[in-house]
Amino acid sequence: MIETFYDVLRRQGITRRSFLKFCSLTATSLGLGSAAVPKIVNAMESKPRTPVLWLHGLECTCCSESFIRSAHPLSKDVVLSMISLDYDDTLMAAAGHQAEAIFDEIVNKYRGQYILAVEGNPPLNEDGMFCIHAGRPFVEKLREVAKDAKAIISWGSCASWGCVQAAKPNPTRATPVHKVITDKPIIKVPGCPPIAEVMTGVITYMLTFDRLPELDRQGRPKMFYGQRIHDKCYRRPHFDAGQFVEQWDDEGARKGYCLYKVGCKGPTTYNACSTTRWNEGVSFPIASGHGCIGCSEDGFWDKGSFYDRVTDIKQFGIESNADKVGGTVAAVAGAAVAAHAAVSALTRARGKQDVKDQAGGN
């Protein structure tokens, strides 16, 4: 029988108080509020750790690099306590025949119970020979393991959308996981890489509630991909005021103006970068002075230069793009000044006429 999360913590000498504090912090990081804490406590105390098989296709391992840097919760707590990460050829100590024996054991012992996490994607050209996994085309292994998986997590933009491997002309026919596996529930966690806490947060939610989180129409968890980076960006007031960085290191850049005109894709990118941020909430690309490149969106490699501005941003609820924002603000301000001047002039004229009328009446 697989140990529960709480069993592991007790064995490690963790106190009940620390355990409850962990559950409270987990609820907060998921944006669930205090009402969810008892549910998380119950799940961690009663549910066995879920077996997870983590496969790697065509990718650069940046998703794993991001995952192991999670701070809330720590990735070590996720890997060693919350889940039973039984196979991950990047993180596991075993190798070769020993590793494959473990893989086969988990697939056969926990049919229908394990979660399949996929980092990277399968190439389909030339029968999948561009990515070989334990002596076999990766696409064959992916299909085999997915058949008995409880659910699939597509880690990163490679697994979710294809990313750079699928960029034109895509000679290997690198293909997103959901276009190869069509009969299993799949949760996409895109980004190049995804934020560490987003990755651990998705796992924590699935373990706690024994279901996939609510997904948007593209299959991404709404709790992390429900808003545009632009919506919560601290530079948003400058966008609304028409204050933009026109070129790198100009006066606007020094003042922290909006990076839209130098290519920021924040207005069209759905992710939690501007709220969760990176490196324990320290920063994100826009805070470092570089525009968002839209790495969590489908086909971002094929949408032109990262420094080309987006030209169809809707603003103030009307059909206007962000290039016109500054002009609109100026025009509104000018109209307001003109109106104020006209009202003032009219008031003065009325005042003078009243004085004349009073003088004539006397």
For segment 5-225, build the charge dipole from Cβ charges (+1 Lys, Arg; -1 Asp, Glu) around the Cα centre, then report which of Ala134, Ile181, Ile40 sits farthest towards its positive end. Ile40
Once normalised by the length of segment 5-225, the mean sequence separation of its alpha carbon contacts under 8 Å that are 6 or more apart gives a contact order in percent of 22
Within segment 5-225: Cβ-based charge dipole about Cα centre, in debye rounded to nearest 20 (Lys, Arg +1; Asp, Glu -1): 760
Quick check on segment 121-169: take the gyration tensor over C-alpha atoms, sort the square-rooted eigenvalues as a ≥ b ≥ c, and tell me if it's rounded (a/c under 1.5), prolate or oblate. oblate
Computed FRET value (nearest 0.05) for Ala94 with Asp231, which takes r as the C-beta separation and R₀ as 35 Å: 0.20
All-pairs alpha carbon distance profile, segment 5-225, 10 Å steps from 0, percent: 8, 34, 37, 17, 4, 0
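What FRET efficiency do you get for Glu214 and Arg16 if R0 is 41 Å and r is their Cβ-Cβ distance, rounded to the nearest 0.05?
Efficiency, rounded to the nearest 0.05: 0.85.
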How much length would be gained if the chain were fully extended between Glu144 and Ser34, taking 0.36 nm per residue of separation minus their Cα-Cα distance, in nm to one decimal? 35.5 nm
Taking θ as phi - 60°, what are the ³J(HN,Hα) couplings along segment 265-271 by the Karplus curve (6.51, -1.76, 1.60), each to the nearest whole Hz, with x for Gly and Pro? 9, x, x, 10, 10, 9, 5
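Take the cross-link list Lys147/Lys184; Lys47/Lys222; Lys168/Lys188; Lys168/Lys261; Lys232/Lys265; Lys39/Lys147 and give me the ones stretching past 19 Å between alpha-carbons.
Table pairs above 19 Å Cα-Cα are Lys47/Lys222; Lys168/Lys188; Lys168/Lys261; Lys39/Lys147.
A short reminder: the numbers here are calculations on the coordinates, not readings from a lab. None of these values were measured; they are calculated from a predicted model. Methodologically, a virtual Cβ is constructed for each residue, glycine included, from the backbone with ideal geometry; neighbour enumeration extends over all protein chains shown.
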